[in-house]
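Notes for the one structure printed next.
The values are calculated or read from the model by the stated rules, or taken from the named source; none is laboratory data. Since the model is a prediction, treat every value here as computed from it, not as a measurement. Virtual Cβ from ideal backbone geometry, glycine too; neighbours counted across all protein chains shown. Keep in mind that these areas ignore ligands, DNA and RNA; they rest on the heavy atoms of the full protein, side chains included. Shrake-Rupley method; radii C 1.70, N 1.55, O 1.52, S 1.80 Å.
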Amino acid sequence: MIGVIYWSGTGNTAAMAEAVAEGIKSAGQEVEVKSVSEISVDEAAAYDKLALGCADMGAEQLEETEFEPFYTELEGKLSGKKIVIFGSYGWGGTWLEEWGNRITEAGATLVEPGYAVLGEPDDSAKEECANLGKILANA
């Protein structure tokens, strides 16, 4: 079972999460999709593979009231896990690189560079998200 866990303010990252999950399913793996408010850190840490999604907020950072505290607690439990990250942004777009560095420093494997979409994901972006899910499923 692969976990897709996300935070979305406008629905853009939620749409990306669903597309990632479709890719995982199409690769023959089971998947659960949860918003960060629907899952505990311990439940998230129980997955061997995780797709984590968060929109870019403020000064190129993870959303700070729900997702950042969740991720900070989860970070210590990531060692040995295979992970992909994704999210939408309105400006900038470099937060995924910094987040990816945090993941590898925590001892996890980032199986693919993070995937970011400016604004609402179109069909092409959703295909890329599905591909990201397939890559994670097959990692």
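Tabulated results
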read-out	value
The stretch 27-78: translational diffusion in µm²/s, Stokes-Einstein, Kirkwood Rh over Cα pairs, 25 °C, 0.890 mPa s	203
Rounded accessible area per residue of the chain, 1.4 Å, Å²	46
Computed over the stretch 58-137, Kirkwood Rh from alpha-carbon pairs, angstrom	13.3
Heavy-atom accessible surface of the chain: percent carbon and sulfur, 1.4 Å	44
Computed [θ] at 222 nm, deg cm²/dmol, the chain (DSSP H ≥ 4; -39,500 (n - 2.57); rounded to nearest 500)	-12500 deg cm²/dmol
Translational D in µm²/s for the stretch 96-139 (Stokes-Einstein at 20 °C, 1.002 mPa s, Kirkwood Rh from C-alpha pairs)	186
Summed side-chain charge close to LYS134 - residues other than LYS134 whose Cβ falls under 15 Å, Lys, Arg +1, Asp, Glu -1	-2
Spherically averaged projected area of the chain from its Cα convex hull (nm²)	6.9
Nearest-20 debye value, the chain charge dipole, Cβ charges on Lys, Arg, Asp, Glu	480
Given charges at Cβ of Lys, Arg, Asp, Glu: the chain dipole, positive-most of TYR115, VAL36, ALA130	ALA130
Residue among LEU118, LEU50, LEU96 with the largest mean-square fluctuation in a Gaussian network model of the chain, springs linking Cα atoms under 10 Å	LEU118
Greater than 18 Å apart at Cα, pairs in LYS77/LYS126; LYS82/LYS134; LYS49/LYS126; LYS81/LYS126; LYS25/LYS126; LYS77/LYS134	LYS77/LYS126; LYS49/LYS126; LYS81/LYS126; LYS77/LYS134
